[in-house]
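Peer 1: Right, I'll just put the structure down here and ask away after.
Read the figures in this text as sums done on the coordinates, not as results from a lab. Keep in mind that what you see is a predicted model, and the values were worked out from it rather than measured. Glycine also receives a Cβ, built like all others from the backbone with ideal geometry; neighbour counts cover every protein chain displayed.
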Amino acid sequence: MAEVGPGAATDLPHAVIVGGGFGGLTAARTLAGRPVRVTLLDRRNHHLFQPLLYQVATAVLNPSDIAVPLRSILRKAANITVLLADVEGVDLARRRLVLDAGEMDYDALILAVGATDTYFGHDDWEALAPGLKSLEDALEIRRRVLLAYEAAEREPAGAEQQALLTSVVIGGGPTGVELAGALGEISRRTIARDFRRIDPTRASIILLEGGPRILGAFPESLSRRAEDALRRIGVEVRTNALVTRVTPDAVWLGDESIRARTVLWTAGVAAAPLTRTLDAPRDRAGRVLVESDLSIPGHPEVFAIGDMCAFLHQTGRPLPGVAQVALQQGRVAADNVLRRLSDRPTRPFRYRDKGNMATIGRAAAVAVMGRWQFSGLVAWLVWLLVHITFLIGFRNRVLVLLQWAWSYVTWHRGARLITGRWKDR
Ligand SMILES: Cc1cc2nc3c(=O)[nH]c(=O)nc-3n(C[C@H](O)[C@H](O)[C@H](O)COP(=O)(O)OP(=O)(O)OC[C@H]3O[C@@H](n4cnc5c(N)ncnc54)[C@H](O)[C@@H]3O)c2cc1C
């Protein structure tokens with residue numbers, strides 16, 4: 001196979017980062033200007049700000065608002081080469097990566113390939129109930145939701161029309177809550193007056209959660225407040241609701257069926273498929289069990305970070321799959337690469353929990369930060385502030401967020417989309 005070499009040929013050691021998400025990009029930025037040649041590989045040419053994906057799915061933001069080319073972010077880092085490549089395998093013993101075209105050697109490796117949706121053995125549900133992980137997913141969801149309303153407008157009143165007006169979101173974690181909330185707002189407010197034959201405010205948005213409460217990772221009082229906030233915007237929340245079957249026109253809970261033309265999946269995540277090619281211990285969700293310094297057991301030159309790893313050294317349980325964990329691990333893994341390459345001892349990782357939050361439709365949210373708990377508008381403003389801070393450094397990001405926040409407050413901009421294209425205001 002063709003050898004894909006690193007960028008500028010120098011005597012410096014070669015560190016490869018796979019994945020330009022929150023973890024990989026942070027690692028790359030940490031290694032910028034340091035005495036190491038870095039190659040950042042990603043199968044996409046952009047860094048994606050996943051926390052705002054549901055805004056694209058519900059047509060509040062455009063794809064370009066939340067995706068930035070990796071090349072442009074790292075333009076000034078002369079020691080970093082960005083390459084578009086799908087990594088198909090890692091040969092830990094030979095320190096070699098198998099790419100979609102060619103192979104690549106490394107002296108140190110940071111794996112940061114993230115997570116993917118899992119359907120718990122029901123892979124046939126994927127086509128019927130797409131998840132929300134990429135821009136393509138977001139656009140597909142946006143297309144399905146809005147075309148369902150268009151089809152309902154043509155359909156005579158009756159069961160089929162109601163099925164077209166019914167959206168089911170499976171999974172009551174933060175993504176499911178945010179998605180259901182946004183769908184509720186769109187049908188009740190944004191497009192409420194745009195149709196003549198149907199009344200979008202009669203649309204049914206149902207959030208199904210298999211466990212006893214939504215937002216299981218939040219304190220119980222915030223779960224309750226989130227549920228109340230969702231109900232206020234017309235989302236029906238059903239807990240202890242285990243989905244047993246998904247068909248093209250219905251979701252089944254045992255013998256009960258809910259007729260729905262739009263079904264969305266936010267119920268389960270597993271480590272990205274690349275982890276299966278690693279000769280390393282993994283947990284049930286496929287995440288690589290890492291050492292306390294984030295290296296892979298038996299391979300001190302290889303680090304795994306973010307959603308694809310399970311770090312059990314702090315609480316005995318895996319850390320949550322959130323951006324903060326990936327960001328903080330990216331920094332420590334990069335530092336440990338430098339330490340390892342200069343024969344210094346690596347340092348252990350310790351997660352500093354800065355809080356957890358989820359938005360619920362327009363201008364409401366729940367947030368927990370240390371001993372502090374917020375809900376409603378205050379939590380939403382905290383959420384906004386945190387995301388603005390996060391986004392600083394990205395071209396136009398602050399402007400986009402403020403623009404979007406303004407549209408939320410004033411309800412000006414809506415889901416006006418015609419067969420997949422934006423119609424400008
Ligand atoms: C809809 C949604 C909303 C979210 N909201 C929040 C939130 O509000 N707050 C929060 O903290 N977290 C949120 N998260 C979680 C957060 O986005 C993740 O925890 C974070 O992205 C993990 O970072 P990562 O670097 O591990 O992986 P990712 O950011 O997923 O990056 C993985 C990268 O690896 C690349 N890749 C994968 N496989 C390969 C391969 N084989 N070859 C080459 N490249 C590959 C991918 O293209 C991608 O660029 C949300 C996630 C989703 C999906």
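Peer 1: At what distance in angstrom do the alpha carbon centres of segment 326-377 and segment 133-208 lie from each other?
Peer 2: 33 Å
Peer 1: Taking the Cα-to-Cβ direction at R71 and at D86 and moving 7 Å from each Cα, how far apart do the two end points lie in nm?
Peer 2: 2.0 nm
Peer 1: In percent, how large is the relative contact order of the chain, given Cα pairs closer than 8 Å and 6 or more residues apart?
Peer 2: Relative contact order here is 18 percent.
Peer 1: Return the distance in nm (one decimal) between the two label points of a simple spin-label model at D199 and R259, each offset 7 Å from Cα along Cα→Cβ.
Peer 2: If labels sit at D199 and R259, their model points lie 1.9 nm apart.
Peer 1: Nearest 500 deg cm²/dmol is fine: what mean residue ellipticity at 222 nm does the chain get from its DSSP H runs of n ≥ 4 alone, each adding -39,500 (n - 2.57), divided by its residue count? Display every interim value, and only then the final one.
Peer 2: On the way: 11 runs with 123 residues, N = 425.
Helix-only estimate at 222 nm: -9000 deg cm²/dmol.
Peer 1: So what's the net charge close to A159: Lys and Arg +1, Asp and Glu -1, counting the other residues with Cβ under 11 Å from its Cβ? Kindly include the intermediate steps, with their values, before the conclusion.
Peer 2: Details: positive: R259; negative: E155, E160, D249.
Result for the local shell: -2.
Peer 1: Another one. With labels modelled as points extended 7 Å from the Cα through the Cβ direction, what inter-label distance (nm, one decimal) is found for D123 paired with A78?
Peer 2: 4.8 nm
Peer 1: Further question: Work out, in µm²/s and without decimals, the Stokes-Einstein translational diffusion coefficient of the chain at 25 °C, 0.890 mPa s, Rh from Kirkwood over C-alpha pairs. Don't skip to the end; give the middle numbers.
Peer 2: Numbers: Rh = 22.6 Å.
It diffuses with D of about 108 µm²/s by this estimate.
Peer 1: Using DSSP, restrict attention to beta bridges with both residues in segment 1-153 and report what percent are antiparallel, rounded to the nearest 5.
Peer 2: 40 percent
Peer 1: A further question on this structure: Restricting to the chain, what percent of DSSP beta bridges are antiparallel, rounded to 5?
Peer 2: Just about 50 percent of them are antiparallel.
Peer 1: A follow-up question, please. I'd like the antiparallel share, as a percent to the nearest 5, of DSSP beta bridges with both residues in segment 196-261.
Peer 2: Percentage antiparallel, nearest 5: 65.
Peer 1: With +1 on each Lys and Arg Cβ and -1 on each Asp and Glu Cβ, and nothing else charged, work out how big the dipole of segment 157-259 is about its Cα centre, in Debye to the nearest 20.
Peer 2: Once rounded to the nearest 20, the dipole reads 340 debye.
Peer 1: Now for a separate question. Need the full-extension length gain, D279 to R350, defined as separation in residues times 0.36 nm minus the C-alpha distance. One decimal, nm.
Peer 2: 23.0 nm
Peer 1: What is segment 4-143 by shape, rounded, prolate or oblate, if you read a ≥ b ≥ c off the alpha carbon gyration tensor as root eigenvalues and call it rounded for a/c under 1.5, prolate for a/b larger than b/c, and oblate otherwise?
Peer 2: Taking the square roots of the gyration eigenvalues as a ≥ b ≥ c, segment 4-143 is oblate.
Peer 1: Work out, step by step, the length gained on full extension between Q373 and D228: first 0.36 nm times the residue separation, then minus their alpha carbon distance; give nm to one decimal.
Peer 2: 50.6 nm
Peer 1: Something else: Is the shape of segment 65-109 best called rounded, prolate or oblate, per the rule: a/c under 1.5 gives rounded, else a/b larger than b/c gives prolate, else oblate, with a ≥ b ≥ c the square roots of the Cα gyration tensor eigenvalues?
Peer 2: Because a/c hits 1.5 or more and a/b exceeds b/c, segment 65-109 counts as prolate.
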